[in-house]
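Accompanying notes for the structure given below.
The values are calculated or read from the model by the stated rules, or taken from the named source; none is laboratory data. Keep in mind it's a predicted model, so treat the numbers as computed, not measured. Positions of Cβ are generated from backbone atoms using ideal geometry, with glycine treated the same way; all protein chains shown enter the neighbour counts.
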Amino acid sequence: MTMPLSKKIVFYSLLIISALAVFAPALMAFVMSFMDNKDIMTGSLPKSLSFDNYLKAFEQFPLLKYLFNSLIVSVVITIGQLILSSLAAYAFVFLEFKGRDILFFLFIATMMVPFEASIIPNFHIIRDLNWIDQYPGLTVPFFATAFGTFLLRQNFKQIPKELREASQIVGMGDFKFYLKVVLPVAKTSLVTLGAYGFLTSWNMYLWPLLSTTNDTVRTVQIGLKQLQTQEQLNDWGVIMSGAIIVIIPTLILLFLGQKQLQKGLTEGAIK
Amino acid sequence: MGYIELMDISKSYNKQRNVLNGIDLQIEKGEFFVLVGPSGSGKSTLLRMIAGLEEISGGTLKISEKIVNHLPPKDRNLSMVFQNYALYPHLTVEQNILFGLNAQKVDREIQQKRLEETAQMMGLNELLKRKPRELSGGQRQRVALARAVVSEAPLCLMDEPLSNLDAKLRANMRIEIRRLQKRLGLTMVYVTHDQVEAMTMGDRIMVLNDGIIQQVGEPIDLYNKPSNLFVATFIGSPKMNLGKAILEDSNLIIENVLTIPFEHLEMPKNLKSRNLVIGIRAEHMPYGDENQQVQNVEIVNVEHLGNETLISFEVGTELWTAKWLGQWLIQVGDKVPVHISVENMCFFDEDTGNLIQEATFTHKQEVVRR
Ligand SMILES: Nc1ncnc2c1ncn2[C@@H]1O[C@H](COP(=O)(O)OP(=O)(O)O)[C@@H](O)[C@H]1O
Ligand SMILES: [Mg+2]
């Protein structure tokens with residue numbers, strides 16, 4: 001595309017300004033996490049930078065424990081989602097049964113019900129199962145996702161029916177075909193869904209808050225909140241350092257996922 | 001007793017309209033049988049029913065004298081080659097070829113032995129470690145064939161396997177598939193929409209249109225004795241020239257413009273007083289010399305094929321094409337004499353489209369038998 005230089009300059013300065021505006025809170029948090037409390041409160045520029053806040057965050061709160069819990073919960077949810085949605089998507093694409101399409105649309109319609117609406121029934125079930133303060137209580141309600149099934153179904157539909165038929169002729173059953181052909185072929189979208197699922201569960205707040213009562217299984221998002229309210233005078237430096245620690249896994253995953261995603265996409269392009 | 005027997009087979013997808021109707025057919029062991037017809041005529045459906053991939057709505061299907069209507073594909077002992085080859089994109093050529101043997105838990109050593117033989121036969125030795133996307137169209141085709149060969153199934157089904165290849169490669173693969181089939185003694189059911197493929201490859205051909213069998217027979221028979229107008233125009237290139245005709249006195253009047261005398265030929269009784277359609281092949285309308293009965297026609301198009309020349313002219317509303325051997329330097333607009341003789345014509349009933357009488361010339365000439 002050709003564009004006069006003056007126009008280019010205007011565009012790029014606008015882009016840079018808006019990027020800064022969007023990124024400013026994160027940047028501020030990053031800087032504040034290295035400042036001492038006095039500087040933060042007075043709003044002056046930092047006189048000295050130190051890692052004190054990070055050390056304090058780890059000393060005063062079971063941050064490692066929170067991080068570990070978050071990791072467990074996110075990984076379990078991700079795996080559960082991948083397994084359930086890929087199996088459901090397989091059924092919707094490769095198995096023929098009466099009312100399949102209607103069932104699928106009903107399934108998709110549940111995407112329109114926000115999670116908040118089902119939170120109370122979900123809570124009742126968890127409580128009745130005695131899953132409060134337990135990993136299953138934190139994870140199982142998120143295993144079935146209409147979005148994941150939808151995403152994978154669209155992807156599985158790209159797999160030529162002839163592949164299934166060729167495998168039928170040599171006598172390969174559905175489950176083996178799913179394992180040996182469908183999953184490897186749809187690798188890219190599985191990674192996408194996995195990254196998406198991991199990030200959403202990592203950032204989950206409301207449900208972990210409801211379904212936990214103590215620190216044993218609490219996730220890091222709740223932990224963050226606790227950093228804030230434990231003392232009368234908020235130690236903003238510590239809070240910010242906690243926040244920075246929490247977003248690190250997210251960032252790592254985004255960078256890795258992006259690379260993998262690009263690779264997958266170009267792979268698909270060369271047929 | 002055929003190897004594959006279809007008895008009154010029919011198929012409907014929606015219980016309202018039949019895609020296939022009353023298919024009765026026998027395919028012999030070791031035969032190269034071609035199903036040909038325009039797209040949408042139900043060829044794939046029929047093939048897939050033989051494979052067991054599609055449910056049979058009505059009728060009986062037998063393979064090796066056993067009723068197999070409800071037998072799953074894997075128990076029918078066959079292999080299949082698909083139009084898009086159906087290669088597994090994430091597996092190497094070697095893994096693709098061995099996919100079926102693996103699924104059937106064939107012994108490792110036997111697998112390796114068969115792989116070597118097949119790769120040798122199909123010239124795939126150098127490509128075994130590549131992925132399908134690193135292969136050319138022709139190479140993929142070869143892998144798909146290798147997969148069928150390695151299974152050692154006696155029956156092989158192919159659904160338009162050559163239609164994704166360019167013309168030159170296609171001509172090569174035609175010969176290759178044909179040789180392979182003879183060498184391995186396979187029974188082949190081969191689906192194509194291309195009549196050239198059908199004519200050149202088939203021991204026998206079945207022409208299908210709209211789910212109904214039009215004709216079954218050897219290629220030459222279909223060419224010489226098309227049993228109806230559909231087969232007449234479908235088989236052969238350029239297609240058979242057709243014209244409405246009636247008998248008047250001892251002349252045949254075609255499209256109200258051409259008058260062809262019956263000359264010394266006896267006029268068959270069954271042609272009298274009915275509406276006819278006559279068909280004549282392009283190669284049976286040579287340049288007319290003086291001592292022949294000729295029609296003068298105006299040329300509307302000339303195509304030079306190198307060793308042959310195609311000349312088109314109008315007969316009433318129809319456009320006819322004659323094929324002359326050699327190179328004829330003539331122009332559009334020229335008037336040329338064409339010899340058109342009744343003895344080269346096939347006669348069809350205009351209403352039903354069925355053949356009434358085949359051309360008489362075939363009994364006298366051209367067919368060389370040894
Ligand atoms: N799965 C299907 N569901 C409904 N109709 C189908 C299906 N497959 C094929 N048909 C219809 O059956 C007819 C024959 O199709 P097909 O056997 O694929 O023809 P061909 O292979 O000769 O081109 C077509 O009219 C097509 O629309
Ligand atoms: Mg077809």
Check the range B:63-76 and report whether any residue there is touching a strand residue (DSSP E or B) at 6+ places or on another chain (Cβ under 7 Å), within 16 Å of ligand 1 (Cβ to nearest atom) and not acidic (Asp, Glu). no
With the condition kept exactly as written, say whether any residue in the range A:168-187 is in contact (Cβ under 8 Å) with a residue 24 or more places away in the chain and assigned to a loop (DSSP other than H, G, I, E, B). yes
Residue set A:Leu190, A:Leu163, A:Leu151; condition within 14 Å of chain B (Cβ to nearest Cβ), surrounded by 17 or more Cβ atoms within 10 Å (Cβ to Cβ) and either outside any helix (DSSP H, G or I) or in contact (Cβ under 8 Å) with a residue 24 or more places away in the chain (or both); output residue A:Leu190
For B:Asn251, are the conditions met, namely being out of contact with any Lys or Arg (no Cβ under 8 Å at 6 or more places or on another chain) and away from ligand 1 (no atom under 16 Å from the Cβ)? yes
List pairs: first in the range B:1-27 and over 12 Å from B:Ile63 (Cβ atoms), second within 16 Å of ligand 2 (Cβ to nearest atom) and small (Gly, Ala, Ser), Cβ under 8 Å, 6+ apart or cross-chain? B:Lys11/B:Gly42; B:Lys11/B:Gly211; B:Asn18/B:Gly211; B:Val19/B:Gly42; B:Val19/B:Gly211; B:Leu20/B:Gly42; B:Leu20/B:Gly211; B:Asn21/B:Gly211
Tell me, yes or no, whether the range B:165-177 has at least one residue that is buried (at least 18 other Cβ atoms within 10 Å of the Cβ), polar (S, T, N, Q) and not in a strand (DSSP E or B). no
Looking at (1) of a type in the set (Gly, Ala, Ser); (2) more than 14 Å from chain A (Cβ to nearest Cβ); (3) in contact (Cβ under 8 Å) with a residue 60 or more places away in the chain, which one does B:Ser44 not meet, given that it meets all the others? (2)
Here are the criteria: (1) closer than 22 Å to B:Val36 by Cα; (2) within 12 Å of chain A (Cβ to nearest Cβ). Tell me which single one B:Arg76 does not satisfy. (1)
Within the range B:179-199, the residues that are in contact with a strand residue (DSSP E or B) (Cβ under 7 Å, 6 or more places away or on another chain) and either assigned to a helix (DSSP H, G or I) or more than 16 Å from ligand 1 (Cβ to nearest atom) (or both) are B:Gln181, B:Leu186, B:Thr187, B:Met188, B:Gln195, B:Ala198
Consider only pairs whose beta carbons are under 6 Å apart and that are at least six residues apart or on different chains; among these, list those whose first residue lies in the range B:85-98 and is facing chain A (nearest Cβ under 10 Å) and whose second residue is part of a loop (DSSP other than H, G, I, E, B) and at pLDDT 95 or above. B:Asn96/B:Leu87; B:Asn96/B:Tyr88
B:Gly40 being within 10 Å of ligand 2 (Cβ to nearest atom) and modelled with pLDDT under 95: yes
Would a scan of the range B:188-195 turn up a residue that is within 20 Å of the chain's Cα centre (by Cα) and surrounded by fewer than 22 Cβ atoms within 10 Å (Cβ to Cβ)? yes
Here's a check for you: in the range B:111-146, which residue that is under 27 Å from B:Ser64 (Cα atoms) and without any contact (Cβ under 8 Å) to a residue 60 or more places away in the chain is farthest from ligand 1 (Cβ to nearest atom)? B:Gln111
Among residues of the range B:147-162, those that are within 14 Å of another protein chain (Cβ to nearest Cβ) and within 16 Å of ligand 1 (Cβ to nearest atom), counted: 5
Checked A:Tyr90, A:Tyr54, A:Tyr66 against criteria (at pLDDT 85 or above, in a helix (DSSP H, G or I) and touching a Gly at 6+ places or on another chain (Cβ under 6 Å)); the one match is A:Tyr66
Among the numbered criteria (1) farther than 30 Å from A:Ser211 by Cα; (2) touching a Ser or Thr at 6+ places or on another chain (Cβ under 6 Å), which single criterion is violated by A:Leu183? (2)
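Residues that are in the same structural domain as B:Asn354 (by TED's automatic domain parsing) and among the β-branched types (Val, Ile, Thr): list the strands (runs of 3 or more DSSP E) wholly contained in the range B:216-307 that include at least 3 such residues.
Numbers: elements: B:241-248, B:251-254, B:258-261, B:276-280, B:295-304.
Here the list reads B:276-280, B:295-304.
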Test: residue in the range B:79-100 that is over 25 Å from A:Pro184 (Cβ atoms) and away from ligand 2 (no atom under 16 Å from the Cβ): no
Specify the residue that is surrounded by the most Cβ atoms within 10 Å (Cβ to Cβ); the eligible residues are those in the range B:22-56 that are farther than 29 Å from B:Leu184 by Cα and within 12 Å of ligand 1 (Cβ to nearest atom). B:Ser41
Scan the range B:188-199 and report the pairs whose first residue is farther than 22 Å from B:Lys29 by Cβ and whose second residue is away from ligand 1 (no atom under 14 Å from the Cβ), with Cβ atoms within less than 6 Å and a gap of 6+ or a chain change. B:Gln195/B:Ile235; B:Met199/B:Pro219
